[in-house]
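Here's the structure we're looking at; comments come further down.
The values are calculated or read from the model by the stated rules, or taken from the named source; none is laboratory data. Computed from a predicted model, the values in this text were never measured in an experiment. Please note: Cβ atoms are built from the backbone with ideal geometry, for glycine as well, and neighbour counts cover all protein chains shown. Surface areas here come from the heavy atoms of the whole protein model, side chains and all, with no ligands, DNA or RNA. Shrake-Rupley method; radii C 1.70, N 1.55, O 1.52, S 1.80 Å.
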Amino acid sequence: EIAYLAKLEGADGTALFKPDFLAYLRALRLSLDVDAVPEGPAWDLYAGVGLFSLPLAGAFDKIVAVESSAAAANDLTQNAQRAGRAVDMQHLAADHFLAVQTEAPDFVLADPPRAGLGKTVVDHLTRLRPQRITIVSCDPATLARDLAGLLANSYAIERITLADLFPQTAHLETIVHL
């Protein structure tokens, strides 16, 4: 999995990756433990170029990748084809995608931008009630805000993993499993 993920590309050169990309992938792979998640459908919100969609596609019956950026959505589609993975690409903002959903998948992974999920996405997730949610966050303040809304609606934190990709700074990637 890591070998082909390290080759993910942005056709227009705009994809942003962390400085120690392979270490980041190893930490996330260990934290996600995709072999332990139930089979069935899964959603990857804020999917980018497919960093999580591609490994999840091997663990679930169906993976829906939701990405608002046209360039990233195009890159994800190309990366999935190169990797031989079936991914249902939805070029929409996460809140618009969630607004029209009536059934929850078994698993939702969200890797939002620094602004976090926001109230609308949190409200949609609590309405849909997926069995498991994993949030990958680069901002502790927005993560705390988003978790408050989810925890107030019967979700509980199962596990938290921190990845220090920018040593000697305040920036940490936080992976929270609900």
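Summary table
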quantity: Among residues of the range 63-86, those that are at negative phi, without any contact (Cβ under 8 Å) to a residue 40 or more places away in the chain and more than 11 Å from the chain's Cα centre (by Cα), counted; calculated: 11
quantity: Residue among ALA71, ALA99, ALA115 that alone is of a type in the set (Gly, Ala, Ser), modelled with pLDDT of 95 or more and over 25 Å from THR174 (Cα atoms); calculated: ALA99
quantity: Members of the range 96-110 found to be surrounded by fewer than 20 Cβ atoms within 10 Å (Cβ to Cβ) and touching an Asp or Glu at 6+ places or on another chain (Cβ under 9 Å), listed by number; calculated: ASP106
quantity: Counted residues, the range 112-141 - those being farther than 18 Å from ILE157 by Cβ and among the basic types (Lys, Arg); calculated: 3
quantity: Output for the range 125-139, where each listed residue is more than 16 Å from the chain's Cα centre (by Cα) and open to solvent by less than 80 Å² (accessible area, probe 1.4 Å); calculated: THR126, LEU128
quantity: Any hit, the range 152-168, residues being closer than 21 Å to SER69 by Cα, of a type outside the set (Val, Ile, Thr) and open to solvent by less than 70 Å² (accessible area, probe 1.4 Å); calculated: no
